[in-house]
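Trainee: Provided herewith is a single structure, encoded as structure tokens, for subsequent inquiry.
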Amino acid sequence: MDSNNVLVPGFDDEQNDVLKFKLQKIDVLPNGCICSLTGYIDTYNSSFFQNQVNKIIACGFVNIIMDCSKITGVASTGFGVLTNLLKIVHQNNGNIILVNVQQNIYETIELLGFTQFFKIIPTLEEAYSYITQNAGVAGNGEVFPKLVTCPSCAKSLKAQKAGRFRCINCKAIINISETGSVFVE
């Protein structure tokens, strides 16, 4: 597990008996990391899970592919932690993509309505392709996705593209230009 510490200094200093991490950098994406998980996430280890992923994010890895092929279960607290982590990476123009999600876990995600928040992709290859195409390689000049602020209510919103949108908070109609400028109609 020395490779985890090379990628994220001090990562393996804290261990958990039921949840293991293996990290791998995505070479063509400076802020990309594959996080292979083994075990399960429950109430007892959810803070460990959150701390470990926070370490990854603190090192600048905000595009995270989580390989869930060896995850046997996720308790509600685990989904809560994942949702919080997703908010953090979105604020940094990143994303968390779940891959190889077992059917029973996918059904729970779907039942809880989290499929609208999480990008779930069947394989690592497809996730790798998705994240490199949609996150963009550093320096390519892409504006979107972009975190914008509603001029009417100051609510932070994530815009995937330019266009006309309704604020989810105040219902104001806002326009976002191709350059990312925001104004109210």
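The values are calculated or read from the model by the stated rules, or taken from the named source; none is laboratory data. No experiment lies behind these values; they were computed from the predicted model shown. Neighbour counts are summed over all protein chains in view; Cβ atoms, including those assigned to glycine, are modelled from backbone coordinates with ideal geometry. Only protein heavy atoms, including side chains, enter the accessible area calculation; ligands, DNA and RNA are left aside. Shrake-Rupley method; radii C 1.70, N 1.55, O 1.52, S 1.80 Å.
Trainee: List the cysteines in the chain whose Cβ has no other cysteine Cβ under 4.7 Å from it.
Mentor: CYS33, CYS35, CYS59, CYS68
Trainee: Considering only DSSP beta bridges whose two residues both sit in the chain, what percent are antiparallel, to the nearest 5?
Mentor: 50 percent
Trainee: At a Förster distance of 41 Å, what's the computed FRET efficiency of ASP13 paired with CYS153, Cβ-Cβ distance as r, to 0.05?
Mentor: 0.45
Trainee: If we count every other residue with Cβ under 13 angstrom of LYS70's Cβ, Lys/Arg +1 and Asp/Glu -1, where does the sum land?
Mentor: In short, +1.
Trainee: Also, I was wondering about something else. Given all pairs of different Cα atoms, what value in angstroms does the Kirkwood hydrodynamic radius of region 2-149 take?
Mentor: Hydrodynamic radius (Kirkwood, Cα pairs) of region 2-149 is 15.5 Å.
Trainee: Now for a different question. Mind checking which of SER69, SER36, SER156 has the largest fluctuation in a GNM of the chain, springs on alpha carbons under 10 Å?
Mentor: Evaluated over the chain, the most mobile residue of the options is SER156.
Trainee: Excluding LYS119 itself, what net charge comes from residues whose Cβ is under 13 Å from its Cβ, given Lys and Arg +1 and Asp and Glu -1?
Mentor: 0
Trainee: Helix 46-58 against the longest principal axis of the chain: what's the angle in degrees, Cα atoms only, rounded to the nearest 10?
Mentor: Helix 46-58 sits roughly 60 degrees off the main axis of the chain.
Trainee: Something else now. Can you pull the one-decimal nm distance between simple spin-label points at GLN160 and GLN91, each 7 Å off the Cα toward Cβ?
Mentor: 2.3 nm
Trainee: Of ASN93, PHE144, PHE21, which is farthest towards the positive pole of the chain's charge dipole, taken about the Cα centre with +1 and -1 on the beta-carbons of Lys, Arg and Asp, Glu respectively?
Mentor: Of the candidates, PHE144 comes out farthest on the positive side.
Trainee: Over all directions, average the projected area of the Cα convex hull of region 79-129 and note it in nm².
Mentor: Approximately 3.6 nm², given one-decimal rounding.
Trainee: Roughly speaking, to the nearest percent, how much of region 29-113's 1.4 Å accessible area is carbon and sulfur?
Mentor: That share works out to 52 percent.
Trainee: As a quick test, which of the pairs LYS20/LYS87; LYS119/LYS161; LYS20/LYS55 have an alpha carbon distance above 21 angstrom in this structure?
Mentor: Flagged as over cut-off: LYS20/LYS87.
Trainee: Okay, next question. Given springs between every Cα pair under 10 Å in a Gaussian network model of the chain, which of GLY94, GLY163, GLY32 has the largest fluctuation?
Mentor: Top of the fluctuation ranking is GLY163.
Trainee: In nm, what is the difference between 0.36 nm times the number of residues separating ASP27 and GLN103 and their Cα-Cα distance?
Mentor: Residue separation times 0.36 nm, minus the Cα-Cα distance, leaves 24.4 nm.
Trainee: Let me ask another. With +1 on the Cβ of every Lys and Arg and -1 on the Cβ of every Asp and Glu, and nothing else charged, how large is the dipole of the chain about its Cα centre, in debye rounded to the nearest 20?
Mentor: The calculated dipole for the chain is roughly 740 debye.
Trainee: OK, next. With a 1.4 Å probe and all protein chains left in place, how much accessible area per residue does region 1-160 have, in Å²?
Mentor: Accessible area per residue, region 1-160: 50 Å².
Trainee: How would you rank 71-79, 5-13, 57-65, highest first, on the average number of other Cβ atoms within 10 Å across their residues?
Mentor: The peptides rank, most packed first, as 57-65, 71-79, 5-13.
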